[in-house]
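Encoded as structure tokens, the structure appears first; notes follow it.
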There are 4 protein chains.
Amino acid sequence: MSSADTLTFVTLLGSLRKASYNAAVARALPKLAPAGVRIEALGSIAAIPHYDADVQATGFPEAVTEMARKIGAADGVIIVTPEYNYSIPGVLKNAIDWLSRCSPQPFAAKPVAIQTASMGVLGGARAQYQLRQSLVFLDARVLNKPEVMIGQVAGKVDAQSLELTDQATRDFLAGQIASFADFARQLKR
Amino acid sequence: MSSADTLTFVTLLGSLRKASYNAAVARALPKLAPAGVRIEALGSIAAIPHYDADVQATGFPEAVTEMARKIGAADGVIIVTPEYNYSIPGVLKNAIDWLSRCSPQPFAAKPVAIQTASMGVLGGARAQYQLRQSLVFLDARVLNKPEVMIGQVAGKVDAQSLELTDQATRDFLAGQIASFADFARQLKR
Amino acid sequence: MSSADTLTFVTLLGSLRKASYNAAVARALPKLAPAGVRIEALGSIAAIPHYDADVQATGFPEAVTEMARKIGAADGVIIVTPEYNYSIPGVLKNAIDWLSRCSPQPFAAKPVAIQTASMGVLGGARAQYQLRQSLVFLDARVLNKPEVMIGQVAGKVDAQSLELTDQATRDFLAGQIASFADFARQLKR
Amino acid sequence: MSSADTLTFVTLLGSLRKASYNAAVARALPKLAPAGVRIEALGSIAAIPHYDADVQATGFPEAVTEMARKIGAADGVIIVTPEYNYSIPGVLKNAIDWLSRCSPQPFAAKPVAIQTASMGVLGGARAQYQLRQSLVFLDARVLNKPEVMIGQVAGKVDAQSLELTDQATRDFLAGQIASFADFARQLKR
């Protein structure tokens with residue numbers, strides 16, 4: 001954990017696509033954090049192989065143990081992800097399936113915030129409640145509000161720079177991070 | 001599609017583990033089918049890489065197109081899967097994420113039956129409703145009843161032969177397949 | 001059931017409020033139906049008392065048996081409802097709880113379409129998947145697509161006449177009813 | 001709130017039936033609480049009328065304001081409920097729909113524990129995740145573990161006295177209450 005004064009949050013990104021809108025959201029977060037909050041990106045979930053208990057029996061992949069270590073050391077996790085087929089991407093779920101087998105289980109009692117972005121108007125809402133169900137089992141402490149569902153995201157990211165430029169969205173994200181910091185601080189006490 | 005007289009169902013397995021209990025369930029199904037119903041295993045989802053839209057842009061992996069073709073040609077799909085973290089395995093969701101991008105989308109209007117098995121008493125129930133939500137988007141026709149949730153499966157599979165030996169479970173599975181055949185025939189008319 | 005040529009759908013409304021936006025949607029439906037489809041309103045769920053098995057033991061309320069009879073006789077049910085607290089209204093669920101105890105159970109094998117409207121941008125989406133889960137148990141045949149989630153409904157209903165005036169929404173509803181008629185006809189064959 | 005030393009939890013019961021198994025569970029709780037924890041029953045949800053915004057506009061029913069006041073004053077709420085149609089009873093949801101309109105909204109930041117009991121093996125599991133979704137909107141702090149799903153409850157309650165007699169179940173409930181007390185104390189700090 002960080003010092004009493006500073007919080008460190010890590011971002012877990014659900015998309016592999018280079019020009020991913022959700023990656024644009026995740027990249028915007030460090031500058032949107034309030035004073036005393038640092039936000040760092042976890043490694044890509046692309047590096048985590050398909051979960052297979054037979055593979056696990058021979059040892060955890062280093063990408064998994066490294067990610068588990070960083071989550072364990074952080075004061076909170078911000079999951080930023082697209083919605084695929086009304087749920088989270090399989091690749092993200094696969095990372096969670098591996099992480100859930102680590103000991104200590106890194107999500108246990110860990111503050112978690114969720115952000116989804118999509119091209120449609122619903123902004124990935126359907127994926128959020130599916131993800132929350134998994135996080136019950138993992139005993140995470142998931143922030144309730146504000147919920148971040150960024151609809152019609154294509155119009156909010158600059159097509160050239162892939163920067164999240166929509167100011168209302170940036171402000172809303174900053175608000176969630178501030179609430180998340182309060183939430184994480186309360187749970188640390 | 002098969003002839004008017006015979007139905008072909010394919011099984012989609014959610015586990016990679018060699019000694020998987022769900023694999024034992026899936027292997028039992030061909031002999032539990034009624035006359036006029038053939039059940040064949042699809043290839044392993046292990047062969048399907050992480051979904052990445054950038055990879056898709058360079059072409060679909062052959063394991064995906066082959067699986068999509070077989071599902072498209074079948075009269076129904078039986079999804080047999082463990083529950084991981086109160087949802088379906090990420091590796092299974094990843095296969096669905098790829099398949100959902102194929103054209104024609106192979107689950108569209110396709111009859112689907114769900115079977116889950118777990119060590120606990122709930123038998124994977126929580127994963128089933130998450131999977132059903134994805135199948136709404138895919139416009140599949142999912143059998144409602146009977147729901148197959150095999151709890152405490154370790155006691156129902158022979159530890160040596162890995163055969164599903166519990167007769168009550170075998171009978172229950174046979175009953176679902178018969179109902180699924182009726183369901184698929186109604187939708188074919 | 002109706003004759004082979006005509007379908008009768010009944011609407012089940014989830015709101016009690018006189019000026020309900022969802023009521024406005026439901027009232028618009030009869031005129032949006034294609035030729036050969038008649039849409040009639042069921043009685044108000046306000047008339048159905050709190051479900052209590054002790055009350056049931058003394059006999060079903062007439063409002064319940066009447067509604068069950070009408071659903072049983074219809075070719076399909078269109079559920080039109082607001083979202084309360086990320087699910088369907090308790091009063092609507094209560095009606096379903098009573099109806100589910102009737103014999104014959106009126107939703108069994110019955111085509112069902114869902115429409116939700118809300119003031120927010122999500123249009124009641126979260127309630128739809130909760131309702132679908134109940135309808136699995138009831139063995140209903142729920143239309144997958146198109147899904148009708150009418151967001152920001154206040155701007156789509158005339159404040160004086162309480163008529164659904166937004167043409168794009170009316171067209172979208174007409175499209176769902178046409179798809180629902182095809183779906184119901186396929187299941188009747 | 002209670003003094004720093006004592007916690008008061010209130011039980012919200014989802015069933016109206018006199019011989020309800022869930023009522024038997026709720027009645028058992030006060031004696032299963034650890035030292036320093038008092039558990040009291042809220043009034044019956046039977047007294048709360050159908051939610052109707054037009055009724056609300058004329059004033060909240062006293063049964064609602066009284067229940068909201070008691071929840072607001074408590075250190076936590078234990079919801080004990082059957083599962084109807086794979087969700088919570090409509091009557092319980094209706095009570096929540098009313099309570100959610102009160103100001104202050106009584107579930108905001110309130111610790112909540114969930115207990116379900118059913119005749120089947122799943123013990124009401126399906127209802128729990130639906131209820132949790134509503135509690136996200138209400139910004140409640142819902143205990144993750146242990147989850148209490150009491151299956152085959154008919155064999156665990158004495159048919160004559162309607163007392164929850166199964167010792168393993170009583171011990172499990174006592175364990176959840178102890179965990180819930182820790183959870184509530186952490187959030188009070």
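Go through the stretch B:52-68 residue by residue and turn each phi into a ³J(HN,Hα) via Karplus (6.51, -1.76, 1.60, θ = phi - 60°); whole Hz please, and just put x for glycine and proline.
Result, ordered by residue: 8, 4, 5, 5, 4, 5, 9, x, 6, x, 5, 4, 6, 5, 5, 5, 4 Hz.
Once R0 is set to 60 Å, what does the formula 1/(1 + (r/R0)^6) return for the Cβ-Cβ distance between D:Arg17 and B:Arg185, expressed as a FRET efficiency to the nearest 0.05?
The computed FRET efficiency comes out at 0.90.
Placing a label point 7 Å from Cα toward Cβ, how far apart in nm is B:Ala154 from its equivalents in the other copies, listed shortest first to one decimal?
The answer, with the shortest distance listed first, is 3.0, 5.0, 5.6 nm.
Going by Cα centres, the stretch A:11-61 and the stretch B:56-95 are how many Å apart?
Each part reduced to its Cα centre gives a spacing of 24 Å.
For the stretch C:62-149, what does the alpha-carbon gyration tensor say about shape, rounded, prolate or oblate, given a ≥ b ≥ c as the root eigenvalues, a/c under 1.5 as rounded, and a/b over b/c as prolate?
The shape class here is prolate.
Residues of the stretch D:91-139 that become at least 50 Å² less accessible with every protein chain present than in their own chain isolated, using 1.4 Å: which are they?
Flagged in the stretch D:91-139: D:Val91, D:Lys93, D:Leu122, D:Arg126, D:Tyr129, D:Gln130, D:Gln133, D:Val136, D:Phe137.
Report which residues of the stretch D:50-86 become buried by 20 Å² or more of accessible surface when going from the isolated chain to the complete set of protein chains (1.4 Å probe; DNA, RNA and ligands ignored).
D:His50, D:Tyr51, D:Asp52, D:Ala53, D:Asp54, D:Tyr84, D:Asn85, D:Tyr86
Give the shape of the protein assembly as shown as rounded, prolate or oblate, defined through the alpha-carbon gyration tensor: a ≥ b ≥ c are the square roots of its eigenvalues, a/c under 1.5 means rounded, and otherwise the shape is prolate if a/b is larger than b/c and oblate if not.
rounded
Please express the Cα-Cα pair-distance distribution P(r) of the stretch D:119-168 as a list of whole percents, one per 5 Å bin, running from 0 to the bin with the greatest distance.
Percent of Cα pairs in each bin: 5, 17, 21, 19, 15, 12, 9, 2, 0.
May I ask you to list the trypsin sites (Lys or Arg not before Pro) in the stretch A:1-51 that are in a DSSP loop and have at most 13 other Cβ atoms within 10 Å of their Cβ?
Those that pass, being in a loop and sparsely packed, are A:Lys18.
List the residue from chain B whose beta-carbon is nearest to the axis that rotates chain B onto chain C, together with that distance in whole Å.
Axis-proximal residue of B, distance in whole Å: B:Arg189, 3.
State to the nearest 20 debye the size of the charge dipole of the stretch C:1-89 about its Cα centre, where the only charges are +1 on K and R beta carbons and -1 on D and E beta carbons.
400 debye
Say a label goes 7 Å from Cα toward Cβ at B:Glu66 in every copy; what distances in nm does this one have to the rest, shortest first?
From this label point to the equivalent ones elsewhere in the assembly: 3.2, 6.2, 6.9 nm.
Sequence-distant or interchain residues sharing an amide H contact under 5 Å with B:Ile150, placed H: which?
Under 5 Å from the amide H of B:Ile150: B:Thr116, B:Ala117, B:Ser118.
Before I look further, what does the protein assembly as shown give for accessible area per residue, probe 1.4 Å, in whole square angstrom?
On a per-residue basis, the protein assembly as shown sits at 37 Å².
With a 10 Å cut-off between alpha carbons and a GNM built on chain C, which of C:Gly124, C:Gly175, C:Gly59 moves the most?
Highest fluctuation among the options: C:Gly59.
In whole percent, what relative contact order does chain A give with Cα contacts below 8 Å and a gap of six or more residues?
It comes to 24 percent, rounded to a whole number.
Distance check, please: which entries in D:Lys18/D:Lys156; B:Lys70/B:Lys156; B:Lys145/D:Lys93; A:Lys31/A:Lys93; B:Lys110/B:Lys188; A:Lys31/A:Lys156 exceed 19 angstrom between their Cα atoms?
B:Lys70/B:Lys156; B:Lys145/D:Lys93; A:Lys31/A:Lys93
For the pair D and C, how large is the buried accessible area, both sides, in square angstrom to the nearest 100, if the probe is 1.4 Å?
So the buried area, both faces added, is about 2700 Å².
Using 1/(1 + (r/R0)^6) with R0 = 30 angstrom and r between the beta carbons of B:Arg101 and C:Ala174, what's the FRET efficiency to the nearest 0.05?
The pair B:Arg101/C:Ala174 has a calculated efficiency of 0.50.
Rounded, prolate or oblate: which fits chain C, taking a ≥ b ≥ c as square roots of the Cα gyration tensor eigenvalues, rounded meaning a/c under 1.5, else prolate when a/b beats b/c?
Judged from the Cα gyration tensor, chain C comes out oblate (a/c at least 1.5, b/c at or above a/b).
Given a 1.4 Å probe and every protein chain left where it sits, what share in percent of the accessible area of the stretch D:29-186 is carbon and sulfur?
Heavy-atom surface of the stretch D:29-186 belonging to carbon and sulfur, 1.4 Å probe: 53 percent.
For chain D, what is the mean residue ellipticity at 222 nm derived from helices alone (per DSSP H run of n ≥ 4: -39500 (n - 2.57); sum divided by total residues; nearest 500 deg cm²/dmol)?
Here the helix-only value at 222 nm equals -12000 deg cm²/dmol.
At R0 = 22 Å, how high is the FRET efficiency between D:Glu66 and C:Ala47 if r is their beta carbon distance? Nearest 0.05 is fine.
0.25
Under the convention of a label 7 Å out along Cα→Cβ, give the distances in nm from C:Asp54 to the same position in every other copy, shortest first.
Result, one decimal in nm: 3.1, 5.9, 6.6.
The values are calculated or read from the model by the stated rules, or taken from the named source; none is laboratory data. No experiment lies behind these values; they were computed from the predicted model shown. In this analysis, Cβ positions are derived from the backbone assuming ideal geometry, glycine residues included, and neighbour counts consider all displayed protein chains. Only protein heavy atoms, including side chains, enter the accessible area calculation; ligands, DNA and RNA are left aside. Shrake-Rupley method; radii C 1.70, N 1.55, O 1.52, S 1.80 Å.
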